[in-house]
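Please treat every number below as a calculation from the coordinates, not as lab data. If you're wondering where the values come from, they're calculated on a predicted model, not measured in any experiment. Cβ coordinates were reconstructed from backbone atoms using ideal geometry, including for glycine residues, and neighbour counts include every protein chain displayed.
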Amino acid sequence: MQGVFRIRGKEICVLAKGFKLCYIESVKLKRIEIRGFKSIAKKVDLPISEGITCIAGPNGCGKSNIVDAVRWAMGEQSTRSLRAGAMSDMIFSGTQEIGPGSSAQVLIEFIRDGGVFPQALEGFDQIAVSRKLFRSGESEYAINGVKCRLKDITDLFLDTGLDRQGYAIVEQGKVKEIIQSRPEDIRHLIEEAAAVGKFRVKRIEAHRRLEATSKNLERVSDLLSEVSRQRSELKAQANRARRYQIVRDQINELTRQLWGSKLDELAGKLKVCSQQEKELGEFLEKKKEELDALHASREELESRQKEQKKGMELISSALLENQAAVGIARADSENAKQRKSDIRSTLEIITTRTAQIKKSLKAELDQIGTETEASALVEEQLEVFQKEAEQSRGMADEFLQQYRSLDKKFDEKRAELFDTIGHVRAQEQHISGLEIRYQEVCPAIRKREDDIADLKTRAAVVKETLDSLNQEAGQLEGKLVLQSRQCQVLETQRDELRTCMQRVRETLRDREQELSEIHAKVSILDQVIQETIQAQDLSPESLNGNMRVSDAITARKGFEETVGRSVGEALEFLIIPDHEELFAEQSIEHSFPGFVPQRPYIEPYRSTQPLEGEGILGPLSSFIDSEKQYEDVIHALSRDMWVVDDIHRALSLWRGGQRAHPLVTRDGMILETTGVVRTTRTLAKYGQGLKAKADKDQLEIRKNEIEGERDTWAAQLKAHEQKLEQAEERISITRTLCVEIQRSIQEVHYRKQDLEKEHERISEQMRTGQQDLDALETLKDRLSNELALQRSEKAVVDDAILSLQDVVKELDARRNAARKRYEEVQASVQQQILKAHELKVGWASKKERIRNLQENITRKQAEIEKDGERISELNRTLEHIEADLRSAQQACEKAQEEVLRLESAYSDMVPEYEKISRLLNQLSDDLCRAEESVENLERDRTEALLMLREQEIAYSMGKERLEARFGRETPQIPDTFDPEKTRSRLDLMEKKLERMGQINFTSITAYEQAQARWDDLHRQYEDIVQASTRLKEVIANIERQSKKAFMETFALVRHHFQDLFTTMFGGGKADIVLEDGDSLESGVEIYASPPFKRLKAMSLLSEGEKTLCALSFIFALIRVRPAPFCVLDEVDASLDDANVIRFNRLIRSFSEESQFLVVTHNRYTMEMADILYGVTFDVPGISKVVSMALKNSEG
């Protein structure tokens, strides 16, 4: 859905799908945000002025990277256009100090400007388009933060002049290439201004779909032929498969009965095996009960044996524990005696070591006293040296302060001297410059006076020439009016002829389309006829001049089904002159289904009593048309049948006594005179064939009519073409005359304009020259005064320099003397410090030896105390060992008494245990014999179970096989059923199936599918023909709209281009011309001739002239269709100052409708901007952007 609304006198297109910025009235560019793009490493936010925004800076600092960022964000995919080798070059590559970036991101934000947004973005006050590229190569596109496709971005800027080949973004160095572009590229720019981009996309899509539709039509036609052939082949295979299925069903029924009989036999065997297994199971249960009783007796004896054995094991265990206790007590006694001996040896060793330590301790105390006296003497010497060093250091500090004070004064006076010398040199340069400028001003004054005199003479000559050109222009305009009126009359006649020709062409195209459809339908009907009433495809030679019945007759409309079913197979009979023709055929039974003589015997079928009554339509022969010579054939084949409404009417007539004639209903049912009713369902194809034949005849008649009309229309079209050619020739001659007159008028007008502008320019130059002369006189006086002042000031400064030089020399001598005294005192202080350091080292060494001796004394005293504590502890341990030795001897005696008691009790329990063991052995033998009997019974029962399982499996498999093949229904076995005879019958039927050969069972389904597919393809064919017609209408409509919009825009662009060219060049002439009339594929050529030049090739223009011509064309496009914003990258580089000023005035006049983003080096362009951005390298390799709002700064 789409709509066109009028807001403030402008039409604004709103689309429900996509994002199309249709007109500049709806949006304005608010800001540009760049991060990590090329040399712009850090985030840069550029607010855009509503008027003109300028970007300036040195070469190579990254100005054009901002323009590249805008193009890249709007979907540019060409790395060449973005001045890069690969898309990864868009990401900041890093410098020596800063690493490369991980991604590049650019955001462009638009705001509402009183109009409407596209419907898909209604509700937003702004549109933010962003693009982000990662190092991995992945890109992200977003509109208002929502991810989208690249197609959505390109659709957003379609028909705005901002797309890849648009006119609103002019790259660096590309402006002059516009006028030398291919005519197709120039036409594309005008189409952008005409907003026919969407029409171009729709037309390409419609042509693509039309081509696909044509291919589909051809494919469906081929498929119809192929499916018809397959349907004929599958029909015979399906009939054979059905006969095979009947025999196979009989085999299945006999097999079902045979398997059911076998299943009953297995059920009887299963019952016998089940009874045998049951008897063996009962006897086995009795034997198992006896075996359980024996097991219970054995378990009782085993329990008594276990209790007896447990008592014996407890006594034996206690006996072993007591014997072990005796051994442990003896071992503890021996260990205590050994430990007692070891402790006494340790006490002797500790006592000896303590005596030695006390002896060495006394010697170290004497040495500490000696060292302490020497240390005190060294400390007194150190204090004396430190006092002397402090006095010397004080003197050195005083001398240092004197030196620094003098050095500071010296530096100040020397700096003052250098500043004064620099000031003198600057004065000398300034005086030299003033002298040079004074010498230049004097000749300039004389030259300006001579120029003003020459300009006054030229102004008088130009005035006279203008008067003569005015008279010549009036004469030429009178001639042009006469020729224009004659041309309008001829163009009206030509347009009428073109309208007539267009109607004729459309009529011819419709007739050709209808003929194509008729040919396709006839082809399909031929296939239907071939498959129904002409199943045998015979050549005319094989017919020997004869004719089929189906070729000789035609059924009345609406009665094809009646005739086809009633006549039936006779439609395929061959009409022969007489019966002698039969003997000329080689194989009568295989050539045709039957033959009918041209003069058959029809007396029995000649009705003398016509039927009358309600529902009787007439004799069948009256609904069959043919040539007169075949009327007897019709009577013979119709067999005196009469046609009635339906079978109910036929039965009513038959019951009422009307039995003289067979009756046939409208739907083909036949009621014989005998009362037999034939449905003729199998003969339905003959009705279809007759209906197809009738349709084909109607189509052939229509085809002949269309071909006749086509020839008439073609002759009429040829006559119109001849008249149109003559009219075009006359119009061409008239237009040539008009063009020549217009060219002459334009030349006069151009010359007049040039002279007027020349007169204005001369006047302006005279006024400017006088102003320059006055300014030069004023400058001469000012330079003379300033020279005298500067020379007097220089003499004063020279005297000051001499006095400063004397002061500096005196301060330098005093400074050197103070530094020498300071160095001598400082050397004395260093010697005293060195001597004091040596005394400190000796004093510290003695202190360290005293500290070490004191630590040794403390350690030895601690060892003496520790040895005393150890001796006390060993004495206490010796007393405990003696007590443990007495306790161990008492425990050993008690354990020996307990061992004797336990040996006596164990001997008493052994006889009872041996008696229980003998009874258990006898019971084990009885158990073995009983278990052997049970195992034999279980083996017999297992064999019976196996037999039972075999019968059950056989019965189950037989039942499953029966159910799997024939279902769960139990087969009914006849009483007289004989399995042997049934097997014999099955063998005979299987052999019959083998003789039938390989059967294609899928042919039945395939035949039904082929029929269904034939019907579906036939419907598809008709749908495709209709779709093709609709697509052609859509293409014609798109071409008309595109052509209309383009031609209207072309006229406006042409008019504005001529005006702007004259304004930019101050005269001259320019034009844009279509190469091939108003064709949709016609290219556009640009012709331009600056003032006072007659150029035959655009390449002969200078660089500046090419730039001005291209700018005139671009601004003509912008005036016809303003873009949301325009980007101009160094387009003024090849223009001089005068042309730059004109260019700036042009931008300023257009800035009321569009925003301009201009990259420039020209100071005049910078002064014109509302916002100025400066781009430079703050850090090598990284662009930095600074801004200045010029309007605010001026205010």
Can you give the FRET efficiency to the nearest 0.05 for GLN771 and ILE436, using r as the Cβ-Cβ distance and R₀ = 22 Å?
0.40
The farthest towards the positive end of the charge dipole of the chain, of the residues ILE553, MET1064, TRP713, given +1 on Cβ of Lys and Arg and -1 on Cβ of Asp and Glu, is MET1064
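May I ask you to derive the FRET efficiency for SER468 and ASN59 from their Cβ-Cβ distance with R0 = 30 Å, giving the value to the nearest 0.05?
On the way: r = 52 Å, r/R0 = 1.72.
Efficiency computed from Cβ-Cβ geometry: 0.05.
Compute, for the chain, the length of the dipole vector about the Cα centre, with Cβ point charges of +1 (Lys, Arg) and -1 (Asp, Glu) only. Units Debye, rounded to 20.
2220
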What is the spin-label model distance, in nm, from GLU848 to SER303 if the labels are put 7 Å beyond Cα along the C-beta direction?
9.4
Could you calculate the contour length gain from MET909 to THR970, that is, 0.36 nm times the residue separation minus the distance between their Cα atoms, to one decimal place in nm?
14.1 nm
Sorted from fewest to most neighbouring beta carbons within 10 Å, what does the list LYS28, LYS235 look like?
LYS235, LYS28
Just checking my list [x] 108, 107, 72; [y] 127, 118, 80; [z] 180, 170, 53 against Cα extents along the principal axes in Å computed from this structure; which label fits?
[z]
With each pseudo-label sitting 7 Å past Cα toward Cβ, what's the ALA460-MET1047 distance in nm, one decimal?
5.6
Given only helices, namely DSSP H runs of n ≥ 4 each adding -39500 (n - 2.57), what is the per-residue ellipticity at 222 nm of the chain, to the nearest 500 deg cm²/dmol?
-25500 deg cm²/dmol
Is any residue of the stretch 839-860 close enough, with backbone N under 14 Å, to a label point placed 7 angstrom from the Cα of GLN367 along the Cα-Cβ axis, and if so, which?
846-860
Describe numerically, in nm with one decimal, the distance between label points set 7 Å from Cα along Cα→Cβ at GLU898 and at GLU721.
14.1
Based on other C-beta atoms within 10 Å, arrange TRP713, TRP642 from fewest to most.
TRP713, TRP642
I'd like to compare 914-922, 1103-1111, 36-44: which one has the highest average count of other Cβ atoms within 10 Å, and what's the full order after that?
1103-1111, 36-44, 914-922
Would you pull out the residues with amide H under 5 Å of GLY1181's amide H, same chain only if 5 or more places away, H placed 1.01 Å from N?
none
Using Cβ contacts closer than 10 Å as the measure, can you line up ILE1086, ILE143, ILE246 from fewest to most?
ILE246, ILE143, ILE1086
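Let me spell out the model: positive unit charges on the Cβ of Lys and Arg, negative unit charges on the Cβ of Asp and Glu, origin at the Cα centre of the stretch 706-828. What dipole size does that give, in debye rounded to 20?
Its charge dipole is roughly 660 debye.
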